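For reference, the structure discussed in these notes is given below.
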Amino acid sequence: MKIRIIDGEFSVLKTKNFKNINFDSKFCFACKTDREYSLVTKTSDAPNDCLNREDGWRAMAIDSQLDFSLVGVLSKICDALSRKGVALFAVSTYDTDYVLVKKEKLETAVQALTDSGFEVY
């Protein structure tokens with residue numbers, strides 16, 4: 001399975017609402033629950049009025065459309081990264097799963113995934 005590294009840095013944010021979110025940016029993952037509004041976006045597109053903000057993430061995308069019946073794809077990625085001590089933040093869309101790791105762990109993550117049989121580019 002191929003995993004594509006996405007250029008640029010990302011931020012993970014907790015915000016009061018989605019009023020100041022640039023939904024036209026290339027990457028914008030927004031989630032609202034009964035307890036919070038969360039956002040993952042390129043750091044350059046992140047709003048300034050957030051409650052909490054964690055910068056310094058790099059993103060990778062599983063480079064194929066995943067059928068809902070597939071089992072264990074994220075589990076294999078999590079396992080490979082956890083064996084090397086790399087924490088992750090996962091985001092899923094209808095077509096694609098994304099894994100974010102802290103930028104200082106990107107090289108370790110790429111090596112761990114490559115060692116586990118993934119093609120990372």
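The table for this structure:
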read-out: Rough spin-label spacing in nm, given labels placed 7 Å along Cα→Cβ, for Leu74 and Cys28; value: 2.3 nm
read-out: Taking the chain and dividing mean pair separation by its residue count, relative contact order in percent (alpha carbons under 8 Å, at least six apart); value: 31 percent
read-out: Protein accessible area in the chain, 1.4 Å probe - carbon and sulfur %; value: 47 percent
read-out: Ordering of 16-27, 78-89 by packing [mean C-beta count within 10 Å, highest first]; value: 78-89, 16-27
read-out: Cut-off under 5 Å, modelled amide H: who pairs with Ile6 long-range; value: Ala59, Met60, Ala61
read-out: Accessible area per residue in Å² at 1.4 Å probe, computed on the chain; value: 61 Å²
read-out: Cα-Cα over 22 Å, subset of Lys19/Lys42; Lys26/Lys105; Lys26/Lys102; Lys42/Lys102; value: Lys26/Lys105
read-out: Placed amide H near Val120: partners under 5 Å, 5+ positions off or other chain; value: Ile3
read-out: Net dipole in debye of the range 11-121 [+1 Lys, Arg Cβ; -1 Asp, Glu Cβ; about Cα centre; nearest 20]; value: 420 debye
read-out: The chain - mean residue ellipticity at 222 nm from DSSP helices (-39,500 (n - 2.57) per run, n ≥ 4, rounded to 500); value: -5000 deg cm²/dmol
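The values are calculated or read from the model by the stated rules, or taken from the named source; none is laboratory data. Source: prediction; values computed, not measured. Here Cβ is always computed from backbone atoms with ideal geometry, including for glycine, and neighbour counts include all displayed protein chains. Accessible surface is based on the protein model in full, side chains and every heavy atom, while ligands, DNA and RNA are left aside. Shrake-Rupley method; radii C 1.70, N 1.55, O 1.52, S 1.80 Å.
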